[in-house]
Amino acid sequence: MKLATLKTGGRDGTLAVVSRDLTLCQPVPGIAATLQAVLDDWEHLAPRLNPVYAALNTASAGDARRFDPRQCHSPLPRAYQWADGSAYLNHVELVRRARNSEVPKSFWSDPLMYQGGSDSFIGPRDPIYVLSEEWGIDLEAEVAVITGDVPMGASAGQCENAIRLLMLVNDVSLRHLIPAELAKGFGFFQSKPATAFSPVAVTPDELGDAWRDAKVHLPLLVELNGKPFGKPDAGVDMAFSFAQLVAHVAKTRELEAGSIIGSGTVSNKQGSLHGSSIANGGVGYACLAELRMYETIETGQPQTGFLHFGDTVSIEMMGRDGVSVFGAIEQRVARYPS
């Protein structure tokens, strides 16, 4: 099943069921007004949405309308929890290697995690608003899950069973603000502005055999200014599954339905700078910082700048059938209209 939130009906939007091919949608006010309402009562309400989804896929839904991602909020316009991991340790290794630092052994057994702002997300086709280019604007292409209720101390198996939906993520980072924040020893805050998610969230069964071991085994396609930038496989080199990431969050607290847990920047191990780009036969990158790290390691300094006002970012994932699974995040970087 595929679900979206339309920009009608107030701050939390209007829930709509979306066809598998992302061409049609149908609001379902008689079942639930919002996606959060469905997550709060998943066992009762999700089965009532399935017939609507089936009708959309056979073009027999009487109230169907054309699906337009430009009219979408992120599936959850705001959430009770947004915690982002760093499950792809190749990304961590690159960052540390560039500054001649080793990855601590504990990183391989204890996931990295930060708590992001969840009071306001960016729509999948809305601008990335920033006040200054000097802050080092970067994209981070990721995958995320939305959970149901999870008890404190839940096992990885329990956590996998609590995964309700999956989405794509653009976890925008302001790279030049990060060093000073981390030096304080208290984590990210100003350097992590509002996050964007894909137009639709999908149930794990929509991925078929690409969803296994609580990982998504499909390439994540990233474009910058209309040109291919990355296609790393989200199921490769993921040191911690989503079940493990959710269990990490639940170690000391309960998770409420509607909690979002991110994978961190998708990153695959590959060769040198000259073999890692798509143009040179590699899988490319899911963030600019990673390319800059390859450049620093091989040339002594980064050659590529961060994003500028007017630059465009696209993040998408195609299923084995060649159809877009989540729809595309397509954003333009813009100066905040103060």
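The values are calculated or read from the model by the stated rules, or taken from the named source; none is laboratory data. On a predicted model such as this, the values are computed, not experimentally measured, just so you know. We place every Cβ from the backbone using ideal geometry, glycine too, and count neighbours over all the protein chains shown. In case anyone asks, the SASA skips ligands and DNA or RNA and just uses the protein heavy atoms, side chains included. Shrake-Rupley method; radii C 1.70, N 1.55, O 1.52, S 1.80 Å.
Note: relative contact order over region 226-292, using C-alpha pairs below 8 Å and six or more positions apart, is 45 percent. Across region 261-268, coupling constants 3J(HN,Hα) worked out from phi with the 6.51/-1.76/1.60 Karplus curve, θ = phi - 60°, read 10, x, 7, x, 4, 5, 8, 10 Hz, and Gly and Pro carry x. Dimensions of region 47-141 based on its C-alpha atoms, expressed as ranges along the principal axes with the largest first, amount to 61, 37, 24 Å. In loop segments of region 149-234 as defined by DSSP, the trypsin sites (Lys or Arg not before Pro) with at most 12 further C-beta atoms inside 10 Å of their C-beta are K184. In loop segments of region 59-109 as defined by DSSP, the chymotrypsin sites (Phe, Trp or Tyr not before Pro) with at most 16 further C-beta atoms inside 10 Å of their C-beta are Y80. Here is the list for region 172-264: GluC sites (Glu not before Pro) lying in DSSP coil, each with at most 16 other C-beta atoms within 10 angstrom of its C-beta, are E254, E256. Taking label positions 7 Å along the Cα-Cβ direction at both S132 and Y80, the computed distance is 3.8 nm, reported to one decimal. A cut-off of 5 Å between modelled amide H atoms, ignoring neighbours fewer than 5 places along the same chain, links L218 with A234, G235. Evaluating 6.51 cos²θ - 1.76 cosθ + 1.60 at θ = phi - 60° for every residue in region 11-17, the Karplus couplings come out as 4, 9, x, 10, 5, 9, 8 Hz, glycine and proline recorded as x.
Roll a 1.4 angstrom probe over the protein heavy atoms and tell me the percent of accessible area of the chain that is carbon or sulfur. Answer for the chain is 50 percent, counting heavy atoms of protein chains only. Ranked by the mean number of other Cβ atoms within 10 Å of their residues, highest first, the peptides 23-29, 225-231 fall in the order 23-29, 225-231. Highest-first packing order for the peptide set 236-242, 51-57 is 236-242, 51-57, based on the mean count of other beta carbon atoms within 10 Å. Report the one residue of A328, A234, L245 whose Cα lies farthest in the direction of the positive end of the charge dipole of the chain (charges on C-beta: Lys and Arg +1, Asp and Glu -1; origin at the Cα centre). Comparing the listed Cα positions along the dipole, A328 ranks first. Extension gain for the segment A59 to R320, taken as residue separation times 0.36 nm less the Cα-Cα distance, is 91.7 nm to one decimal. Region 170-195 and region 66-108 have Cα centres separated by 12 Å.
Using Cα pairs closer than 8 Å and at least 6 residues apart in sequence, work out the relative contact order for the chain, in percent. Walk me through the intermediate numbers first.
Numbers: 817 pairs, mean separation 74.9, N = 338.
Contact order relative to length: 22 percent.
Please compute the contact order of region 10-83 in relative form: average sequence separation of alpha-carbon pairs under 8 Å and at least six residues apart, divided by the residue count, as a percent. Kindly include the intermediate steps, with their values, before the conclusion.
Working: 76 pairs, mean separation 28.2, N = 74.
Computed value for region 10-83: 38 percent relative contact order.
Sequentially through region 318-330, phi angles give Karplus couplings (6.51, -1.76, 1.60; θ = phi - 60°) of 9, x, 5, 8, x, 8, 4, 7, 10, x, 9, 7, 10 Hz, Gly and Pro residues having no value and appearing as x.
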